[in-house]
1. Would you please put 286-296, 178-188 in order of how densely packed they are, using the mean number of other Cβ atoms within 10 angstrom per residue and starting with the highest?
2. Please state the relative contact order of the chain as a whole percent: Cα pairs under 8 Å, 6+ residues apart?
3. Work out the length of the dipole vector of the chain about its Cα centre, built from +1 on the beta-carbon of each Lys and Arg and -1 on the beta-carbon of each Asp and Glu, and round it to the nearest 20 debye.
4. Going highest first, how would you order 88-98, 114-124 by mean Cβ packing within 10 Å?
5. What net charge do the residues around Arg51 carry, taking every other residue with its C-beta under 15 Å from that of Arg51, with Lys and Arg at +1 and Asp and Glu at -1?
6. Evaluate E = 1/(1 + (r/R0)^6) for Lys264 and Asp29, where r is the Cβ-Cβ distance and R0 equals 30 Å; express this FRET efficiency to the nearest 0.05.
7. Using only the Cα atoms of the chain, build the gyration tensor, take square roots of its eigenvalues as a ≥ b ≥ c, and label the shape rounded, prolate or oblate: rounded if a/c is under 1.5, else prolate if a/b is larger than b/c, else oblate.
8. With the cut-off at 1.5 for a/c, could you classify region 214-309 from its C-alpha gyration tensor as rounded, prolate or oblate?
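Throughout, read-outs are computed from the coordinates displayed, never taken from laboratory work. Note that this is a predicted model, so its numbers are computed, not measured. Here Cβ is always computed from backbone atoms with ideal geometry, including for glycine, and neighbour counts include all displayed protein chains.
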Amino acid sequence: MAKSTCVRFVSSLVFLIMTALAPERARADVLADVQAQLEKAQKLYSAGNYRGACKAYKRADELAQGKSSPSLIGLSDCLYIQDNDAVKSLVAARQALAVAATPDERTKATEALGLALLRQPGEASWTEAVSLFKGQVDSSGGAEGQGGLLSALLALHRDQEAAEILQSLRKQGLTEDDIQQHVLDTVEYHGPREDTRRFDDFNERLLRLDPNAPLRVGGGVSRPQIIRSVKPLMPSKARLQPGLNATVILETIIDAQGNVRFVKVLKPQPYGLTEAAVDSVKAWTFHPATLNGKPVAVWYILTVSFHRE
């Protein structure tokens, strides 16, 4: 009888332990599923499959029940880009910052919320974006968040404050290359492109702030025109792939002289194709974009295609 009682006691104890551990195991499984969806979304996004990436971000958010900051950041972008819903995009960005669990997540969520605010109509949202980016700048102690802050100040026509920020950065010892690469190259108009008056006004005041700042094509800013393109070399690994058909998408800065100054990969490809595409476009030359008849630097998307029979 004592032995039977002991066995029953041990069995009950094991049951209680397993019951207590079950929620933790279930939580771990959910976290693993969320991470898997996030990795899937990032791969699809890198491959240019934005619709598929958005489905994965939405699934990750559903699994996390609104408690995963990376999922909500991706969802915020999707709600704006795919669904054209700036209001819901803002809600998702706010929630992303509220649940951010690490410094890196808070940094990314702050940027996402700042951009979502700049997409809203009206000065109240832009003023909130200024406050948000100022807090990021103060906490980072560096150039992080400066581009978003300048974007918000220019949207509010607070050009003098924007000029004072650039002056302060120069006094802190940042070189012109540092300012161009880490600050001015991240300043962007985030309002509706169909509002050409506001779009052109933003670009013109950005140029007054710094004559070398790259603008976005649209409104009064013309597209650069290719003068000379260089055909990329097919890498040896790619030549071994029959039926190869791939496109590399690059975001570049075409400067006021028509040269490619900067290249960022938006859609990479394997077999050395990405590197070949980057090497190729660096040698391209253009008739530069213009604003009011004057050459200006612009951000510009270039695609490089590879075909193998």
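1. 178-188, 286-296
2. 12
3. So the magnitude is around 1080 debye.
4. Numbers: 88-98: 20.6, 114-124: 18.3.
Highest mean packing first, the order is 88-98, 114-124.
5. With Lys, Arg at +1 and Asp, Glu at -1, the neighbours total +4.
6. Efficiency for this residue pair is about 0.25.
7. Note, shape of the chain comes out oblate.
8. prolate
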